[in-house]
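*Asks:* Pasting a structure below so you can have a look.
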Amino acid sequence: MDNSTTTKHTIDTETTDPQQIAGQKRGSSALTTVNSSGHWTKSEGEGQKTGKENRGEGEGEESEAKRPKLGDNNTTTSLEPQANNTKMEARQCFVTVGATAGFRPLLSEVIKPEFLDCLATNDFDLLKVQCGEDLEWFDAQVKALPFSSAVRIESFAFTDDMTQHYVRSRGERDVRLPGVVVAHAGSGTILEVLRLQTPLVVVPNPTLMDNHQAELAEELESTGDAVYGRLGKLTEAITRSLKLVAQDELRKQQHLRDLQSVEESFQREQERERERESELKQEQANAKVLSGIETVQQDGRRQRDLDLD
């Protein structure tokens, strides 16, 4: 098997949980695989055949050699050191447009070379995109890209379980680096991502009329809960989100140091208390011994007095 970049398209039934995206539609499922020479295979449902683009092997290899490759020349450093040689999971950027309205401007921006290069530079391995009814359109845009990327691109239309993608974008020590969710400004999506404490970039959809998505994004950024992502400047939003993650990690580490200091202070106080209790017991034991000696001496003096009489 060659080293291929896989774009997955899975269309399922969306959950009716009010905290998750509602109203998602049923559909078929498809799987598209794009390899490094631009050949692709696609299957839709059962009984579909697999094919390649109409060009020869030699032609594909020649054009591949001419295509620039994003992220290959970047030297990156993990934010968290690995405790051992166990391979960590891919760092994920998850993009979601929801189910009620299309958001092609967002879908277009996340496959621009500058965005993919930003992800590769920051150690992202996987870009997963939930693109709703624009799945086929997005798939065509990915296939038409005039470059290849170090970041693997996967996409699907709808799913029963958005939560797994939000959780997968959250960091876990020694498992995966913290990623980010880039989401439309739907309140259900925002609440779910924040509940899971996953880094979030909120991108208002300017094509929607009479909505307050921009105000919501500004409020979330002002409270430090999310980053306001503006179309045309999403690389800046990713950078800000990573800085917030790093700052949050520093705060957590400082908090742990503070807790450790409190614990050490408590342990020292307990040790001093034990020492004081031990000293008190020793003093009481000494006093008892001295009292016994005094009693023996007094008895001896009384006995001598009696003998003299």
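No lab work stands behind these numbers, since they all come straight from the coordinates. These figures come from a predicted structure and were not determined experimentally. In this analysis, Cβ positions are derived from the backbone assuming ideal geometry, glycine residues included, and neighbour counts consider all displayed protein chains.
*Asks:* Does segment 119-127 include one or more residues that are within 25 Å of Arg230 (Cβ to Cβ) and of a type in the set (Phe, Trp, Tyr)?
*Replies:* The answer is yes, given that some residue of segment 119-127 is within 25 Å of Arg230 (Cβ to Cβ) and of a type in the set (Phe, Trp, Tyr).
*Asks:* Name, by its number, the condition in (1) in contact with a strand residue (DSSP E or B) (Cβ under 7 Å, 6 or more places away or on another chain); (2) more than 24 Å from Arg170 (Cβ to Cβ) that does not hold for Arg274.
*Replies:* Failed condition: (1).
Per-residue answers, yes or no, for (1) β-branched (Val, Ile, Thr); (2) surrounded by 15 or more Cβ atoms within 10 Å (Cβ to Cβ); (3) closer than 21 Å to Glu89 by Cβ:
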site: Phe156; (1), (2), (3): no, yes, yes
site: Arg168; (1), (2), (3): no, yes, yes
site: Val181; (1), (2), (3): yes, yes, yes
site: Thr223; (1), (2), (3): yes, no, no
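*Asks:* Taking the residues in segment 101-111 that are in a loop (DSSP other than H, G, I, E, B) and touching a Ser or Thr at 6+ places or on another chain (Cβ under 9 Å) as candidates, determine which candidate is farthest from Pro204 (Cα to Cα).
*Replies:* For segment 101-111, the residue satisfying everything is Ile111.
*Asks:* Quickly run through segment 123-144 and pick out the residues that are out of contact with any strand residue (DSSP E or B) (no Cβ under 9 Å at 6 or more places or on another chain), touching a residue at least 24 places away in the same chain (Cβ under 8 Å) and not in a helix (DSSP H, G or I).
*Replies:* The one that is out of contact with any strand residue (DSSP E or B) (no Cβ under 9 Å at 6 or more places or on another chain), touching a residue at least 24 places away in the same chain (Cβ under 8 Å) and not in a helix (DSSP H, G or I): Asp123.
*Asks:* Continuing with this model, one more query. Can you name the residue in segment 179-212 that is in a loop (DSSP other than H, G, I, E, B) and hydrophobic (A, V, I, L, M, F, W, C) and, of all such residues, is nearest to Cys118 (Cα to Cα)?
*Replies:* Among those that are in a loop (DSSP other than H, G, I, E, B) and hydrophobic (A, V, I, L, M, F, W, C), it is Ala185.
*Asks:* Please verify whether segment 166-178 includes one or more residues that are assigned to a helix (DSSP H, G or I) and of a type in the set (Ser, Thr, Tyr).
*Replies:* From segment 166-178, those assigned to a helix (DSSP H, G or I) are 166-168; that's our starting set.
Pick out the ones that are also of a type in the set (Ser, Thr, Tyr) and you get 166.
Checking segment 166-178: at least one residue is assigned to a helix (DSSP H, G or I) and of a type in the set (Ser, Thr, Tyr).
*Asks:* Can I ask one more? May I ask you to list the residues in segment 118-149 that are farther than 28 Å from Leu196 by Cα and either among the aliphatic types (A, V, I, L, M) or touching a Phe, Trp or Tyr at 6+ places or on another chain (Cβ under 9 Å) (or both)?
*Replies:* Ala140, Val142, Lys143, Ala144, Leu145
*Asks:* Now for a different question. Identify, please: which residue in segment 107-121 is within 11 Å of Gly232 (Cβ to Cβ) and not small (Gly, Ala, Ser) and is, among those, surrounded by the fewest Cβ atoms within 10 Å (Cβ to Cβ)?
*Replies:* Glu114
*Asks:* Quick one: which residue in Glu221, Glu249 is in a helix (DSSP H, G or I), in contact (Cβ under 8 Å) with a residue 40 or more places away in the chain, acidic (Asp, Glu) and under 30 Å from Leu119 (Cβ atoms)? Can you show your working first?
*Replies:* Working: Glu221 fails: in contact (Cβ under 8 Å) with a residue 40 or more places away in the chain.
That would be Glu249, the only listed residue that is in a helix (DSSP H, G or I), in contact (Cβ under 8 Å) with a residue 40 or more places away in the chain, acidic (Asp, Glu) and under 30 Å from Leu119 (Cβ atoms).
*Asks:* Return only the number of the condition from (1) of a type outside the set (A, V, I, L, M); (2) over 13 Å from Val180 (Cβ atoms); (3) touching a Cys at 6+ places or on another chain (Cβ under 8 Å) that Thr207 does not satisfy.
*Replies:* (3)
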